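One structure below.
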Amino acid sequence: MLTLDNWTRVRRDFPCTDARVFLNTGTLGPVATPVMERYLSSIRQWNAMGPGSPDVYLGWRSRVETARATLATAFGCHPESLSLFGNVTDAINVVLVGLRLPQDARIVTTDEEHGALVGPLTQLAQRGITVDVVPFGQGGPELVARLAAAMDQAPTTLLALSHMSCETGAVFDAGALAGEAHRRGALVMLDGAQTPGQMPLALDAWGIDFYPFNGHKWMGAPAGSGGLYLAPVAADRVAITYTGDSAGSSGGDPADGRRFEYGTRNWPAWVAWGDVVAYRASLPGDPDARQRELAALLRGALAEVPGVAVRSPEPAGGIVTVSVDGLAGDRVYQQLLAAGVVGRRVLRPHLDGVRFSVAYFNNEDDVARARAAVAEVAARR
């Protein structure tokens, strides 16, 4: 049984829960009030002191290095393996463009990828690079087996796919996939947009080559918090394609992720990302476990509603996706929004429904209200 009373104080740190049932952290997560207040204070301080003053600018840059080290500890890697960007899309492009893939290259991906990966892969396909697609399905060992079989069909240069499906929350063993890929001579890039803040990361231990990630979804960092992990053994495979001022901060070390960072940046946002790690550590319990428990509660409640099909496996995080018989997902989404339940539309050839992202600041009442709203929509179909 969930012990939700311990989380009441935490819920007050998220004003988005006051007016509506907010179940869309998987798109863009809210920042906890204590972190937001410190971030806004930092922005005001940054501005008041004159951000262009050398001592101010370099001081904030030093604070970013502290935040980088904090994130590295949380993600199970070394600080020099992390390159910080504004979002996952930046990081994906750094890898796919920087690999300078030849025209005979072959990439294997899945049918549940976000546009941040689909767009760059489409561009590569237009250049003549082969991009093959396999079903993501329910993730797990079955997906690893499908990807291994796809690699056996033809020489494969790169696996590029989400670690956790942004559509259903399905996930798989990253270490197992890395082993299958490396035995066949392929590199692995996993899109980690959905994983930080939903499950523990062990980037070095998994053995994957590249891992784009962000903090402005489930972790609750300010918008503009993204990054890229480059395994030391694979970092020199990625060439610098965009460069400029500050690109030399790595000292030329090909294994130092900072070599991809350049130009003017919003240092306070990345410093706040480090503050998020401290905030999560202060919570009254494990936020990842709480999300899984609440998501499982919602999944079970929705499975009992006539006409509703649950499309997500047993939650590995906070994502629960459903479809309603006879109704387009957009209609369901719009009716839920009108009822004060904020989810996200899911539209794929094999899936037309609504995704709910259940975060640790949600509660049992949110689950009940979401279930009641879906039941009403289904009853009117």
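Derivation of every value follows stated rules applied to the coordinates shown; laboratory data play no part. Every value quoted in this text rests on a predicted model; they were computed, and no experiment measured them. A quick note on method: Cβ atoms are made from the backbone with ideal geometry, for glycine too, and the neighbour counts reach across all protein chains shown.
Arranged from highest to lowest average of other beta-carbon atoms within 10 Å per residue, in what order do the peptides 57-64, 356-363 appear?
Result, highest mean first: 356-363, 57-64.
What ranking, highest mean first, results for peptides 98-105, 270-277 when packing means the other Cβ atoms within 10 Å averaged over each residue?
Ranked by mean Cβ neighbours within 10 Å, highest first: 270-277, 98-105.
Two decimals is fine: what is log10 I(q)/I(0) at q = 0.08, 0.15, 0.18 Å⁻¹ for the range 42-280, from a Debye sum with one equal scatterer on every Cα and no solvent?
-0.29, -0.99, -1.38
Bin width 5 Å, origin at 0, all Cα-Cα pairs of the range 234-381: what percent of pairs per bin?
Reading the bins upward from 0: 2, 9, 14, 14, 11, 8, 8, 11, 9, 7, 4, 1, 0.
What is the gain in length, in nm to one decimal, between ALA154 and ALA205 on full extension, counting 0.36 nm per residue of separation less the C-alpha to C-alpha distance?
Between ALA154 and ALA205, full extension yields 15.6 nm more.
Net charge near ASP236, counting Lys/Arg +1 and Asp/Glu -1 over other residues with Cβ under 15 Å of its Cβ?
Charge balance near ASP236 sits at 0.
Once the Cβ-Cβ distance between HIS350 and ARG237 is put in as r, and R0 is 30 Å, what FRET efficiency do you end up with, to the nearest 0.05?
After rounding to 0.05, the efficiency reads 0.35.
Provide the percentage of antiparallel DSSP beta bridges, counting only those with both residues in the chain; round to the nearest 5.
Counting DSSP beta bridges with both partners in the chain, the antiparallel share is about 55 percent.
Using the count of nearby Cβ atoms within 10 Å as a rough guide to exposure, how do GLU314, GLU180 rank from fewest to most?
With the fewest neighbours first, GLU314, GLU180 line up as GLU314, GLU180.
³J(HN,Hα) across the range 129-143 via Karplus (A = 6.51, B = -1.76, C = 1.60, θ = phi - 60°), whole Hz, x for Gly/Pro?
So the Karplus estimates, Gly and Pro as x, are 6, 6, 10, 9, 10, 10, x, 6, x, 8, x, x, x, 5, 5 Hz.
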